[in-house]
Amino acid sequence: MYTEKVMDHFSNPRNVGEIENASGVGTVGNAKCGDIMRMYLDIDETGVIQDVKFKTFGCGAAVATSSMATELVKGKTVEEALKITNKSVMEALDGLPPVKVHCSLLAEEAIHAALWDYAEKNNIKIEGLEKPKSDIHEEEETIEY
Amino acid sequence: MYTEKVMDHFSNPRNVGEIENASGVGTVGNAKCGDIMRMYLDIDETGVIQDVKFKTFGCGAAVATSSMATELVKGKTVEEALKITNKSVMEALDGLPPVKVHCSLLAEEAIHAALWDYAEKNNIKIEGLEKPKSDIHEEEETIEY
Amino acid sequence: MEKKIYLDNAATTRTRPEVVDAMLPYFTEKFGNPSSVYEFASQNKKAVDEARGTIAKALGADITEVYFTGGGTEADNWAIKATAEAYKAKGNHIITTKIEHHAVLHTCEYLEKNGYEVTYLDVDEYGIVKLDQLEKAIKPTTILITIMFANNEIGTIQPIKEIGEIAKRNKILFHTDAVQAFAQVDINVNDMGIDMLSASAHKLNGPKGIGFLYIKKGVKIRSLIHGGAQERQRRAGTENVPGVVGFGKAVEIAMATMEDRAKKEIELRDYLIKRVLAEVPYTRLNGDRVKRLPNNANFSFQFIEGESLLIMLDMNHICASSGSACTSGSLDPSHVLLAIGLPHEIAHGSLRLTLSEDNTVEEIDYTVEKIKEIVDKLRKMSPLYED
Amino acid sequence: MEKKIYLDNAATTRTRPEVVDAMLPYFTEKFGNPSSVYEFASQNKKAVDEARGTIAKALGADITEVYFTGGGTEADNWAIKATAEAYKAKGNHIITTKIEHHAVLHTCEYLEKNGYEVTYLDVDEYGIVKLDQLEKAIKPTTILITIMFANNEIGTIQPIKEIGEIAKRNKILFHTDAVQAFAQVDINVNDMGIDMLSASAHKLNGPKGIGFLYIKKGVKIRSLIHGGAQERQRRAGTENVPGVVGFGKAVEIAMATMEDRAKKEIELRDYLIKRVLAEVPYTRLNGDRVKRLPNNANFSFQFIEGESLLIMLDMNHICASSGSACTSGSLDPSHVLLAIGLPHEIAHGSLRLTLSEDNTVEEIDYTVEKIKEIVDKLRKMSPLYED
Ligand SMILES: Cc1ncc(COP(=O)(O)O)c(C=O)c1O
Ligand SMILES: Cc1ncc(COP(=O)(O)O)c(C=O)c1O
Ligand code: FES
Ligand code: FES
């Protein structure tokens, strides 16, 4: 069902944990399946993400995308991090089963939520970042069959 | 599906054939399945059935009941022969499958038709014998299931 | 000759030993439920999809268009009832033929009781649908044409491609019951304009209790059997994994051997037909001489009755059939033989012999001799026969 | 430990080798169609009826009351849809519960779309139907009560006899989905007032793709699958002879070993339950402590999610389930766990372990150790868990 990369990130997730006094913390939940992801970012003065940690209550895909997302944002600038989408996370994982695509949105939203928190705390505005919803309200998936 | 006795009478039917100038000949057909039976009786002056032959176009049960019926009427008086029912033929054959019970009616009716022919030819009336129908119009069987 | 001679391959076939071998591991070793998430069971999902792929390929279809069922009958019921339901806003009229299998006929009769209108097309004396009558039968309310690929009794093959074209031109769905034809003759669902197609494994040396319905992408019928999310949410119930695997294996072999098999069967069939027609008087061949299944021969012997003939053949260890096996509970003469115009009493005296590639010339010779003996004996017993 | 530990016997079971042995001759040797008239095939009819007799006996039913189907799902669909159809003159109301299998629930939902009214009864926190609510739900239009014998997720056994009495008293037909209960616990259809009962072979070490519906004499439902005259004209389609024979053999063995098996399974189950509840904090047992299937244990581990748990168990070669296998395509938490009152996030963290008599104490010990490790690991990863 899952690719090798997904299984690797699921069984050995990178960057699990919390960051005390993080620059930004974002928690998002998935209306579809009740899963929750929290992401901690440590961002230096130049706007580079120095450290990142996550905690996830969710399926294998949610755990793996969380892990991969933290790997992708680490070392990036805020602007670069903003460009990470659920698609790029999925690609980095060699794909997800169709029914699990929505799980990867959790990771994208968690990054955004953490960045929003960082922006609020620092009273700055990040170009292109919108206030994240507390829940990811997806449209009903149209299943073809 | 069939008892040993049925199979015996089917594979070695007794009294197959025709009687030239028979005392009585009866042909009956089975509306239900399109089968046909013809019975020839040779009856002497004392009213005893001296010889009997049959021809049948029909299923295994029809052939076997024809054969058994001829065995049962042979040597009997007309009155005795009249008492032979499809039940007695079936019993003599150790029974028939439910779906084949109607076939045995062919034999009963063929005896009656031959006796009627005999009575007409000789201008006599046989007590208890009604004019046989050319077809056996059974009521629709009520199948329970 | 004490060995059994099996000449009833249209009723059912022997499951090939290779098919059984392919199935065996899925009973006691790889027994997991394909819907489970663990590795042990997901290999079964793969096995099911491999079989599905084999079947899709045999049809020229996509793998997502093949849905497993509990048999050919269920597939027929599904195609017809679910179409009736899904397209009832468009109309309530269904076109079929008088010579369909009961799986189609009784389903249509059921729908008639529920407000649908069904046209039962005549066939010609060889059992072939008349295309002009089909065209004439089409109404604005017609939602389905269901016409069998090949007949189970007389073996006649219909002009499926032409029917498909008519359906397409009139924008009507076309279902074909290919239970007798699948993996016996060339089929390509796209070339032939087939929207739905039913088949059953046990007719092609696969196991009993497994069939499939091909449903073209875009045909919006839903489930007949509701429940779990199996078969892309269209056919619920734990997958019959060994059955599916066996079906796949049977199709793989049947497709690989189709050409040679047909050639061998046709040769034997034609030899049988030639001898019987030449050596048994008052006999006719039912069905089309050329447009017929490679393994089917169907005769009517005047003046005699089918069951008696069958029982006597059975006493000589020859397995044959008169009409279709599943109507043997019935006493009516075959609706197919009546539809091609045979009178009742001749329809009653019919014999179907359906070969497999395992039959030999010796078996056919023995069978012909026995037919001659038995027909002669039964005719001597028949009030209809005066010689 | 490299060997697989199979703890998902509610999803499906291993077909017993004795069952496979019983089936084998019916593939390649006695392969005839039971509807055929010749001797070679009529022995298959006998074999089918022998299996039917074994099953009838296991139910305390008459042999004429057992009808084979393509599985438990088909049996459920049949009972419910055909009752709805046959009794619609009497009414359009059906009573069921919120914890039925999807084979029942989705069938009921289908009927709702077609003009029927369905009441979905609540259950108590242990998953047991409240009899007073059942009584209250009955209307003059109620034609069917369908309540499962034992639940597939939490193993809870319903008060079937009491439900049967209520149905009888109100002259309403009573169907029970006994797919999980048949040949696992004592059933007598007459004592329990059951009018229809569904079962599936692959849940009791029989083959997949074969089930039956028990229909009490006098219940006038007709066919779901139309066609040939098989199964006393109530279920068309060539009989799955090997499947039926295998089902018969599986029932014969399951009935003979039921008592010992239950004893062994209950002992092991209780050991498992005791250890897990004692050694894993924030854990609850779902379902009734006593009125539950001998082989079922169902836990909720707070703060973690089921799929992750399953995958990690799988990496340790332990096969288990979270919710029912056939809903694993779905992301919703189990409707059964929600119905017994669990909040979403706890329902998500559930684990079903269903034993067989072949499981050992060592396997259970290993499994408990792994559960402890994995739950701990996942909790450390969970944003909900603060220790
Ligand atoms: C043409 C045709 N359609 C449908 C069926 C039904 O298939 P099954 O008996 O496998 O359900 C058969 C055979 O019985 C058949 O010959
Ligand atoms: C309670 C219950 N009912 C019905 C079914 C459906 O049975 P099957 O999958 O064999 O069709 C199952 C199992 O899947 C079940 O557990
Ligand atoms: S995040 Fe809920 S199913 Fe994947
Ligand atoms: S079926 Fe016609 S006489 Fe028996």
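The values are calculated or read from the model by the stated rules, or taken from the named source; none is laboratory data. Remember, predicted model here, so these are calculated numbers, not experimental data. With ideal geometry, Cβ positions are generated from the backbone for all residues, glycine too; neighbour counts draw on all protein chains shown.
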- prompt: Among the helices (runs of 4 or more DSSP H) contained in the stretch C:284-387, which hold 2 or more residues that are more than 14 Å from chain D (Cβ to nearest Cβ), away from ligand 2 (no atom under 16 Å from the Cβ) and touching a helix residue (DSSP H, G or I) at 6+ places or on another chain (Cβ under 9 Å)?
  reply: C:335-339, C:344-348, C:361-380
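Conditions tested, residue by residue: (1) away from ligand 1 (no atom under 13 Å from the Cβ); (2) among the polar types (S, T, N, Q); (3) at the interface with another protein chain (Cβ under 9 Å from one of its Cβ atoms); (4) under 14 Å from residue C:68 (Cβ atoms).
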| residue | (1), (2), (3), (4) |
| --- | --- |
| C:190 | yes, yes, no, no |
| C:193 | yes, no, no, no |
| C:223 | yes, yes, yes, yes |
| C:226 | yes, no, yes, no |
- prompt: Which one is nearest to residue C:207 (Cα to Cα) among residues in the stretch C:269-301 that are crowded, with 21+ Cβ neighbours inside 10 Å and among the aliphatic types (A, V, I, L, M)?
  reply: C:293
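Condition check ((1) outside any loop (DSSP other than H, G, I, E, B); (2) over 25 Å from the mean Cα position of the chain (by Cα); (3) of a type outside the set (D, E, K, R)) across all residues:
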| position | (1), (2), (3) |
| --- | --- |
| D:18 | yes, no, no |
| D:40 | yes, yes, yes |
| D:76 | yes, no, no |
| D:79 | yes, no, yes |
| D:83 | yes, no, yes |
- prompt: For the subset of the stretch C:189-242 comprising residues that are closer than 22 Å to residue D:201 by Cα and of a type in the set (A, V, I, L, M, F, W, C), which member is farthest from ligand 3 (Cβ to nearest atom)?
  reply: C:201
field: Hits in the stretch B:46-74 - residues which are near ligand 4 (Cβ under 10 Å from one of its atoms) and outside any strand (DSSP E or B)
entry: B:58, B:59, B:60, B:61, B:62, B:63, B:64, B:65, B:66
message: If the requirement is being within 18 Å of residue C:375 (Cβ to Cβ) and of a type in the set (Gly, Ala, Ser), which of these qualifies: C:347, C:339?
response: C:347
message: So in the stretch D:64-88, with the set limited to residues that are more than 12 Å from chain C (Cβ to nearest Cβ), hydroxyl-bearing (Ser, Thr, Tyr) and within 25 Å of residue D:239 (Cβ to Cβ), which one is surrounded by the fewest Cβ atoms within 10 Å (Cβ to Cβ)?
response: D:64
query: Does the stretch C:29-85 hold any residues that are touching a Cys at 6+ places or on another chain (Cβ under 8 Å) and within 30 Å of residue D:309 (Cα to Cα), and which are they?
result: C:32, C:33, C:35, C:36, C:38, C:40, C:41
message: Can you report the number of residues in the stretch A:6-15 which are surrounded by fewer than 19 Cβ atoms within 10 Å (Cβ to Cβ) and either among the hydrophobic types (A, V, I, L, M, F, W, C) or touching a Pro at 6+ places or on another chain (Cβ under 8 Å) (or both)?
response: 1
field: Residues located in the stretch D:206-228, provided they are modelled with pLDDT under 95 and either over 30 Å from residue C:335 (Cα atoms) or surrounded by fewer than 17 Cβ atoms within 10 Å (Cβ to Cβ) (or both)
entry: D:220, D:222
- prompt: Pick from the stretch D:117-134 the residues that are more than 20 Å from the chain's Cα centre (by Cα) and surrounded by 17 or more Cβ atoms within 10 Å (Cβ to Cβ): which of them is nearest to ligand 2 (Cβ to nearest atom)?
  reply: D:118
- prompt: Tell me, which residue of the stretch C:231-257 that is surrounded by fewer than 24 Cβ atoms within 10 Å (Cβ to Cβ) and either within 9 Å of another protein chain (Cβ to nearest Cβ) or of a type outside the set (Gly, Ala, Ser) (or both) is farthest from ligand 2 (Cβ to nearest atom)?
  reply: C:257
- prompt: How about the stretch C:23-63: which of its residues are among the hydroxyl-bearing types (Ser, Thr, Tyr) and facing chain D (nearest Cβ under 7 Å)?
  reply: C:28, C:35, C:36, C:38
- line: Looking across the stretch D:59-74 at residues that are assigned to a helix (DSSP H, G or I) and touching a residue at least 40 places away in the same chain (Cβ under 8 Å), the single one that is nearest to ligand 1 (Cβ to nearest atom) is D:74
statement: Filtering the stretch B:24-45 down to residues that are assigned to a strand (DSSP E or B), touching a residue at least 60 places away in the same chain (Cβ under 8 Å) and of a type in the set (D, E, K, R) yields B:35, B:38
task: Among the residues of the stretch A:1-23, write down those that are in a loop (DSSP other than H, G, I, E, B) and in contact with a Ser or Thr (Cβ under 7 Å, 6 or more places away or on another chain).
output: A:1, A:13, A:14, A:15
task: Pull up the stretch B:82-123, narrow it to residues that are of a type in the set (Ser, Thr, Tyr) and not in a loop (DSSP other than H, G, I, E, B), then point me to the one that is nearest to ligand 2 (Cβ to nearest atom).
output: B:104
- line: Picked from the stretch A:15-70 (must be touching a Gly at 6+ places or on another chain (Cβ under 6 Å) and more than 10 Å from every other protein chain (Cβ to nearest Cβ)), the residue nearest to ligand 1 (Cβ to nearest atom) is A:53
- request: Report the residue count in the stretch D:214-242 for those that are assigned to a helix (DSSP H, G or I) and in contact (Cβ under 8 Å) with a residue 40 or more places away in the chain.
  value: 5
- request: Mind listing just one residue for me: the one in the stretch B:16-33 that is surrounded by 19 or more Cβ atoms within 10 Å (Cβ to Cβ) and not β-branched (Val, Ile, Thr) and, of those, farthest from ligand 3 (Cβ to nearest atom)?
  value: B:23
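Residue-by-condition table, conditions (1) surrounded by fewer than 15 Cβ atoms within 10 Å (Cβ to Cβ); (2) more than 24 Å from residue D:89 (Cβ to Cβ); (3) under 14 Å from the mean Cα position of the chain (by Cα):
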| residue | (1), (2), (3) |
| --- | --- |
| D:136 | yes, yes, no |
| D:150 | no, yes, yes |
| D:158 | no, yes, yes |
| D:162 | yes, yes, no |
| D:175 | no, no, yes |
| D:182 | no, yes, yes |
- request: Please enumerate the residues belonging to the stretch C:195-221 that are of a type in the set (A, V, I, L, M) and within 14 Å of ligand 1 (Cβ to nearest atom).
  value: C:196, C:197, C:199, C:201, C:204, C:210, C:213
